[in-house]
Ligand code: GLP
């Protein structure tokens, strides 16, 4: 383990290109399975986006016992999509996590971005934060990273002390998300997200990044200052973090992580 700040452990691994998404998925699924088998996975924090999909597929294929007691909390949700919209993160979590793992729908929580008033959205944020806090945070939290350096939807400028709230999405994120929507004007501009400090309450984190387009965000997160300018940099203050990268996502790191081979 590499020491992070304040007595934390941060381990960065580069997964062999030949193993690709499946290799990263297997490695992350090992962490989740280890906690589940030890009876320590009361609360599983899940992320959307493409990065963790292989983790869920791998976990589902293992057919592990014990899932019926696990409570699942997602990181974020778009504001403004109607309930049941197939592009909502609630729909993604249903399809990619709940159904494949056979979880009880009552145990799967996604922030509610459907309220049509600011007061309604604020109440939904407060309720979500309270529900997760009441469980003491996630036991394992999966994370992707946005090209902006976001975790959840905490864009640059998000205070490291932030909690679940409504946020404006960065223009880059809106552009990145446009591929899921028919017309550019349909892409949500706002989201509900767990705050950086909410995410920090998890006991273990596994952050996954793949591809050259993530390389600069990964470098800023792991080697730049711990700062709201790169919310993902906060992982260096978290208790127990495993960062899983493919060689492209690791390509701008100046320090050689585990599994990356000798420096050129
Ligand atoms: C969205 C999600 C993030 C996720 C990011 C990366 O913005 N809100 O939680 O980390 O996508 O997505 P991908 O894994 O598809 O690159």
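So, residue 233, is that one touching a helix residue (DSSP H, G or I) at 6+ places or on another chain (Cβ under 8 Å), surrounded by fewer than 20 Cβ atoms within 10 Å (Cβ to Cβ), more than 23 Å from residue 89 (Cβ to Cβ) and in contact (Cβ under 8 Å) with a residue 12 or more places away in the chain or not?
So residue 233 fails the test.
What do you reckon, is residue 175 within 12 Å of the ligand (Cβ to nearest atom) and farther than 22 Å from residue 205 by Cβ?
Taking the combined requirement at face value, the residue satisfies it.
Filter segment 48-80 down to residues that are within 14 Å of the ligand (Cβ to nearest atom) and under 19 Å from residue 127 (Cα atoms) and give me whichever is surrounded by the most Cβ atoms within 10 Å (Cβ to Cβ).
Residue satisfying both the conditions and the ranking: 75.
Please determine whether any residue of segment 173-193 is farther than 24 Å from residue 114 by Cβ, touching a residue at least 60 places away in the same chain (Cβ under 8 Å) and part of a loop (DSSP other than H, G, I, E, B).
The answer is no, given that none of the residues of segment 173-193 is farther than 24 Å from residue 114 by Cβ, touching a residue at least 60 places away in the same chain (Cβ under 8 Å) and part of a loop (DSSP other than H, G, I, E, B).
Identify all residues within segment 185-204 that are surrounded by fewer than 24 Cβ atoms within 10 Å (Cβ to Cβ), in contact with a strand residue (DSSP E or B) (Cβ under 8 Å, 6 or more places away or on another chain) and farther than 20 Å from residue 174 by Cα; write none if there are none.
Residues satisfying the conditions are 203, 204.
Tally time: how many residues in segment 56-87 are in a helix (DSSP H, G or I) and within 27 Å of residue 130 (Cβ to Cβ)?
Adding up the residues that qualify gives 4.
Considering segment 76-112 alone, what residues qualify as being in contact with a helix residue (DSSP H, G or I) (Cβ under 7 Å, 6 or more places away or on another chain) and in contact (Cβ under 8 Å) with a residue 60 or more places away in the chain?
Answer for segment 76-112, where residues must be in contact with a helix residue (DSSP H, G or I) (Cβ under 7 Å, 6 or more places away or on another chain) and in contact (Cβ under 8 Å) with a residue 60 or more places away in the chain: 76, 77, 78, 79, 87, 111, 112.
Would you tally the residues in segment 196-211 being without any contact (Cβ under 8 Å) to a residue 60 or more places away in the chain and part of a loop (DSSP other than H, G, I, E, B)?
Looking only at that region, the number is 1.
Given 185, 212, 223, which one is under 20 Å from residue 253 (Cα atoms) and away from the ligand (no atom under 13 Å from the Cβ)? Don't jump to the end; show me each part of the working.
Details: 185 fails: under 20 Å from residue 253 (Cα atoms); 212 fails: away from the ligand (no atom under 13 Å from the Cβ).
Every option except 223 fails the conditions.
Please go through segment 139-172 and pick out each residue that is farther than 20 Å from residue 73 by Cβ, more than 9 Å from the ligand (Cβ to nearest atom) and either crowded, with 24+ Cβ neighbours inside 10 Å or without any contact (Cβ under 8 Å) to a residue 60 or more places away in the chain (or both).
Residues satisfying the conditions are 149, 168, 170, 171, 172.
Please enumerate the residues belonging to segment 129-158 that are assigned to a loop (DSSP other than H, G, I, E, B) and closer than 19 Å to residue 36 by Cβ.
Result: 135, 136, 137, 138, 139.
Does residue 20 count as surrounded by 18 or more Cβ atoms within 10 Å (Cβ to Cβ), closer than 27 Å to residue 179 by Cα and within 16 Å of the ligand (Cβ to nearest atom)?
No: the conditions fail for residue 20.
Kindly list the number of the only condition in (1) assigned to a strand (DSSP E or B); (2) loosely packed, with under 13 Cβ neighbours inside 10 Å that fails for residue 39.
Tallying (1) assigned to a strand (DSSP E or B); (2) loosely packed, with under 13 Cβ neighbours inside 10 Å, residue 39 fails exactly one: (1).
Working only within segment 88-100, note down all residues that are within 18 Å of the chain's Cα centre (by Cα) and part of a helix (DSSP H, G or I).
Initial filter on segment 88-100 (within 18 Å of the chain's Cα centre (by Cα)): 88-98.
If the condition is that a residue be within 18 Å of the chain's Cα centre (by Cα) and part of a helix (DSSP H, G or I), then 89, 90, 91, 92, 93, 94, 95, 96, 97, 98 are the ones that fit.
Which one is farthest from residue 31 (Cα to Cα), of the residues in segment 223-236 that are within 16 Å of the chain's Cα centre (by Cα) and in a helix (DSSP H, G or I)?
The qualifying residue farthest from residue 31 (Cα to Cα) is 231.
The numbers here are math on the coordinates, done by the rules we state, and not lab data. Note that the structure is a prediction, hence the values are computed from the model and not measured. Using ideal geometry, Cβ is built from the backbone for each residue, glycine included, and neighbour counts are taken over all protein chains shown.
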